[in-house]
1. Counting residues that are within 14 Å of chain B (Cβ to nearest Cβ), which strands (runs of 3 or more DSSP E) fully inside region A:139-240 reach at least 1?
2. Looking at region B:15-50 only, could you name the residues that are within 11 Å of another protein chain (Cβ to nearest Cβ) and part of a helix (DSSP H, G or I)?
3. Please enumerate the residues belonging to region A:122-178 that are acidic (D, E) and over 28 Å from A:T260 (Cβ atoms).
4. Quick test for you: out of B:R304, B:R290, B:R295, B:R345, pick the one residue that is free of Cβ contacts under 8 Å to residues at least 12 places away in the same chain and of a type in the set (K, R).
5. Please pick out the residue among B:K101, B:K94 that is surrounded by fewer than 21 Cβ atoms within 10 Å (Cβ to Cβ), more than 14 Å from the chain's Cα centre (by Cα), more than 23 Å from B:P202 (Cβ to Cβ) and free of Cβ contacts under 8 Å to residues at least 60 places away in the same chain.
6. With the structure loaded, tell me whether B:V73 is at pLDDT 95 or above, under 18 Å from B:A244 (Cα atoms) and either in contact with a Lys or Arg (Cβ under 7 Å, 6 or more places away or on another chain) or within 14 Å of chain A (Cβ to nearest Cβ) (or both) or whether it fails that test.
7. Exactly one condition in (1) hydroxyl-bearing (S, T, Y); (2) over 26 Å from B:G197 (Cβ atoms); (3) in contact with a Gly (Cβ under 9 Å, 6 or more places away or on another chain) is not met by B:T184; state its number.
8. Find the residue count for region B:1-12, including only residues that are at the interface with chain A (Cβ under 7 Å from one of its Cβ atoms) and either farther than 20 Å from B:S60 by Cα or touching a strand residue (DSSP E or B) at 6+ places or on another chain (Cβ under 7 Å) (or both).
Amino acid sequence: MKLVVCIKQVPMVSELPWDSKTRTLKRHLAEGMMNPACRHALEAALQLKRNDTEITVLTMGPPMAEEILREAIALGADRGLLMTDPRLAGADTFATSRALALAIRKYCQDFDLVLCGCQTSDSETAQVGPQLAEELDVPGVAYIEALSIDRSLLTVRRVCDNFLEELEMDLPALVTVSTRQFYPRYVHMAGIEDAFNRADIFKITADDLGLSPEQTGINSSPTRILTVFSPTAEKKNILLKGTPKKIVDQFLDAFDDKITSAIGKDLITRDHLSALKDAESGAGNSEG
Amino acid sequence: MKHKLVRKTVRSFAETELGPIAAEIDRDAIFPRDVVEKMRPLNFFGLQIPREYGGAQLDSISYAIVVEEISRVCAAMGLCITVHNSVGAYPIVKFGTAAQKRRFLPAMASGERIGAFCLTEANAGSDAGAVETQAVKENGKWVINGTKIFVTNGGVCGTALIFAAGVTKDSKKSTNVFVVEKETPGFSVGEREDLCGMRANPVSSLFLENCRLPDSHLLGQPGDGLKIGLVTLDTGRIGIAAQALGIAQAAYDAALNYAKERQQFQKPIASFQMVQSYLAEMATEIDAARLLLYRACAYKDNGRPFSGEAAMAKLFCSTVAGKVTGLAVQIHGGYGYSKEYDVERYFRDAKVTEIYEGTNEIQRMVIARAQLSQLK
């Protein structure tokens with residue numbers, strides 16, 4: 001079985017200087033690390049590994065991103081592909097997933113399953129996985145929490161709007177892996193030594209993928225970031241006065257939406273109840 | 001890039017697994033066996049042991065980084081790892097026969113057996129030739145009697161290297177080193193020491209009462225003991241230097257953060273020049289210590305003599321650790337003297353790095369000897 005895990009190097013600190021001219025992060029100022037969610041995707045692949053499994057790790061990034069490929073090899077991946085080219089820099093999720101798809105088609109032919117992290121810690125769009133499934137024209141499921149493969153049938157489970165969903169699809173396919181399961185293992189020291197001394201990283205350029213200047217980097221990225229800001233959180237004490245019934249009504253009127261979105265289901269409020277009563281009395285009338 | 005990855009990996013492990021418990025296991029003097037179990041599959045007990053015996057066979061800079069990063073979070077466990085690897089297992093790697101390596105190293109590399117180095121006695125330490133533990137040959141077996149004190153990892157060791165005095169064929173006094181396993185009849189562990197720092201490490205006395213061992217447990221040739229001890233301690237000093245550096249780094253990081261947060265006279269204390277002067281000195285000396293340590297490691301990896309360089313690194317790193325942890329307490333003021341803050345622990349842990357694996361006075365002798373021999 002051939003597995004491809006797409007991973008990304010992200011800055012180690014969350015607060016980084018912002019370049020107001022290019023509207024991108026000044027990534028060179030931070031130490032890089034493997035995106036935390038990508039570790040879960042890699043762990044899912046490692047748990048599927050049998051004797052006949054080949055795990056390819058693929059990343060697009062600056063030359064320093066080689067480090068996370070070596071780390072993945074230290075953890076048990078078999079080979080690393082590094083797409084690195086100044087022409088690929090500045091790609092948005094659309095351009096990234098297109099470039100990844102080209103690389104997978106060319107260098108990972110006959111793949112069975114592509115695994116991605118569910119999102120990155122630096123931009124948190126969660127778009128590359130699903131877009132890559134489209135580009136590769138394979139079935140894709142995001143945020144999976146369990147998976148099993150029986151011949152060419154993939155079964156995955158995920159939590160979706162508080163429901164547990166089990167889905168089946170034919171391979172080849174793509175999944176993005178939730179961070180709620182597949183807790184990543186630690187790298188062992190002998191693995192690091194081997195990953196640097198015994199493994200080669202294969203480098204891929206934009207030319208290798210046949211991408212023209214119009215098809216790369218910022219030119220091919222329709223996304224424009226207008227502004228980036230830190231959301232402000234505010235703590236405020238609100239005093240509700242009146243009879244208990246009035247207080248509860250006031251509370252629900254003010255916070256119904258927020259509670260609903262936090263718990264993921266509708267509250268049964270006064271309006272619902274009166275609507276229900278109307279319906280019941282209506283039903284009673286028709287019977288009578 | 002490899003060394004950076006080693007550092008990130010070990011830092012992440014140490015902060016996740018040891019960070020939350022470091023203060024507690026220091027306070028209650030607990031050896032964290034569950035963390036040891038997590039360390040074992042990551043090769044922390046076989047850092048420089050060859051692959052054929054189950055080790056990771058790391059280069060010396062990687063080794064120093066592992067010890068530094070563990071010590072940065074929990075010096076007592078950094079001590080466990082460095083003593084096990086550099087003075088517990090390394091002498092067997094360096095001086096053991098093929099049969100001894102096959103017999104003793106795999107269990108040490110996996111961490112199933114933790115190593116200890118037993119030179120110090122009530123009347124022997126810096127004067128290594130003065131050990132009073134006796135090894136006498138009787139009916140083809142060595143019979144060992146004596147008491148070892150201040151044995152790091154003593155309470156949990158599975159394999160101990162015992163230095164014992166003997167007599168050569170021409171009736172001269174000599175020192176031998178034996179590999180003694182804890183199951184050997186007559187081998188027992190004494191009370192755990194109640195120490196100032198490194199309290200999570202079960203430093204104990206060891207007793208040897210008529211322990212009978214065949215020749216296959218003697219390391220090197222009869223009379224090689226002192227030579228083995230000195231060569232081993234050269235490597236051990238790299239580990240202790242790395243440990244001291246880790247403690248110093250932790251203290252500096254804490255002091256820097258505190259100085260930025262702590263307000264006096266409506267300003268962070270980091271805005272005052274006297275505090276800045278402390279921080280500048282601390283940062284500079286830690287950097288110099290690190291470079292001195294990595295030079296000794298590079299010499300060792302390149303097969304160059306490194307005895308003087310390792311002693312310089314140990315002397316300087318431990319002195320810096322003493323100074324930096326003291327200044328970190330000073331910057332924290334009264335809070336730094338309280339167990340509520342980690343710098344109090346760093347301050348206690350740092351002191352012993354100036355004492356063990358050769359006091360800093362002995363390091364000066366080693367450095368002077370290396371310097372003077374170059375003049376010849």
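The values are calculated or read from the model by the stated rules, or taken from the named source; none is laboratory data. No experiment lies behind these values; they were computed from the predicted model shown. Here Cβ is always computed from backbone atoms with ideal geometry, including for glycine, and neighbour counts include all displayed protein chains.
1. So the answer is A:201-204.
2. Result: B:T16, B:E17, B:K38, B:M39, B:R40, B:P41, B:L42.
3. The answer is A:D122, A:E134, A:E135, A:D137, A:D150, A:E168, A:D170.
4. None of the other options fit; the residue is B:R304.
5. B:K101
6. no
7. It fails just one condition, (3).
8. Total meeting the criteria: 1.
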